[in-house]
Amino acid sequence: MQGEDTLRGVPQADTQPQEWMTLKGVVVSATADLIEIKTEGGAVIPFEGQPLRFALQGGFAARAGDAVTVSGFEEDGEFKIGAVTNLATGKTVTLRDVAGRPGWAGRGRRG
């Protein structure tokens, strides 16, 4: 099966992030469904859906005005968040492993 480590039966990311980056920013809005982060460069990164739910389950919280850092990579024209740190609270939540595989995807089949 494409994208699977046949020795361990653990699915691997089909695409490898080419270049991870860490960006500093500020939360400009925060609701239970969407956190928007404005980077120092002026880009707005939406933090929503399954990645946000996974972060909230991991204890991440943010309010408008909180300074944050996000590490991740660009894929298909979208910034994929790999980890987020709220600098106001010191809480960091890792969302993806170094290969870019999402933590909410589970561990795959056990072989």
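The values are calculated or read from the model by the stated rules, or taken from the named source; none is laboratory data. Values in this document were obtained by computation on a predicted structure and should not be read as measured data. As a convention, Cβ positions derive from the backbone with ideal geometry for all residues, glycine included, and neighbour counts pool all protein chains shown. Remember, those area values only see protein heavy atoms, side chains included, never the ligands or the DNA or RNA. Shrake-Rupley method; radii C 1.70, N 1.55, O 1.52, S 1.80 Å.
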Worksheet item: Regarding ARG63, is this residue under 23 Å from GLY42 (Cα atoms), in contact (Cβ under 8 Å) with a residue 24 or more places away in the chain and among the basic types (Lys, Arg)?
Response: yes
Discussion item. Whether any residue in the range 42-51 is over 16 Å from LEU23 (Cα atoms) and open to solvent by 60 Å² or more (accessible area, probe 1.4 Å) is what I want to check.
Written reply: yes
Discussion item. Condition first: assigned to a helix (DSSP H, G or I), at pLDDT below 90, on the phi < 0 side of the Ramachandran plot and open to solvent by 70 Å² or more (accessible area, probe 1.4 Å). Can you find one or more residues in the range 90-107 that meet it?
Written reply: yes
Fill in: Count - residues of the range 14-31 that are open to solvent by less than 80 Å² (accessible area, probe 1.4 Å) and either more than 16 Å from GLY77 (Cβ to Cβ) or assigned to a strand (DSSP E or B) (or both)
8
